[in-house]
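Below: one structure, written as structure tokens.
The values are calculated or read from the model by the stated rules, or taken from the named source; none is laboratory data. These figures come from a predicted structure and were not determined experimentally. Every residue, glycine as well, gets a Cβ built from its backbone with ideal geometry; the counts of neighbours run over all protein chains shown.
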Amino acid sequence: MRRALVSLASGGLFGSGLAVSGMMDPKRVRGFLDIFGDWDPTLAFVMGGATAVMALGWLIQGRMPAPAFADEFQLPGTRLIDLRLVTGSAMFGIGWGLAGLCPGPGLAALVIEPMSAGIFVASMVAGMAVHRAAKL
């Protein structure tokens, strides 16, 4: 139960951060990508803040024997940059640039703009299903 509450609080904090920073608005993301037009640097500040928080998190994690609400850390192994990673990253970036949303903000945007965000989320789920069915 305690782990579920921590997950709920973490998700709420993440969603609040998306709302406060304006990252649920696809126009903000597209404005960031429009470097030769009406450029909006907001996303750069959000990324910088997230990077700083993550760096602090890695520092703290390195000194902890185990997480507060689990028996051990579930960290990904180191992998080389391969074609699969580059292709997936390119597909994510292209979709992000076209839609102006990525999975987190897309789900959070369901509350604010259910129709347009719903199309994005349905497409995202369909893509995940195709990936799983193809066992890529």
From the list Gly97, Gly88, Gly127, exactly one residue is touching a Leu at 6+ places or on another chain (Cβ under 6 Å), modelled with pLDDT under 90, surrounded by 11 or more Cβ atoms within 10 Å (Cβ to Cβ) and farther than 27 Å from Ala9 by Cβ. Which is it? Gly97
So Ala68 fits all but one of (1) under 24 Å from Phe14 (Cα atoms); (2) within 19 Å of the chain's Cα centre (by Cα); (3) of a type in the set (A, V, I, L, M); what number is the exception? (2)
Of the residues Val20, Val29, which single one is assigned to a helix (DSSP H, G or I), in contact (Cβ under 8 Å) with a residue 12 or more places away in the chain and under 25 Å from Ser116 (Cβ atoms)? Val29
Can you name the condition, by its number, that Ala44 falls short on among (1) more than 18 Å from the chain's Cα centre (by Cα); (2) closer than 15 Å to Met23 by Cα? (1)
Filtering the range 33-42 for residues that are part of a helix (DSSP H, G or I) and at pLDDT 90 or above leaves a count of 1
If you take the residues in the range 1-21 that are of a type outside the set (A, V, I, L, M, F, W, C) and surrounded by 13 or more Cβ atoms within 10 Å (Cβ to Cβ), which one is farthest from Thr42 (Cα to Cα)? Gly11
For the range 59-72, how many residues meet the condition of being exposed (fewer than 10 other Cβ atoms within 10 Å of the Cβ), outside any loop (DSSP other than H, G, I, E, B) and modelled with pLDDT of 90 or more? 2
Checking the conditions here, which among Leu8, Leu56 is assigned to a helix (DSSP H, G or I) and either under 26 Å from Phe120 (Cβ atoms) or among the basic types (Lys, Arg) (or both)? Leu8
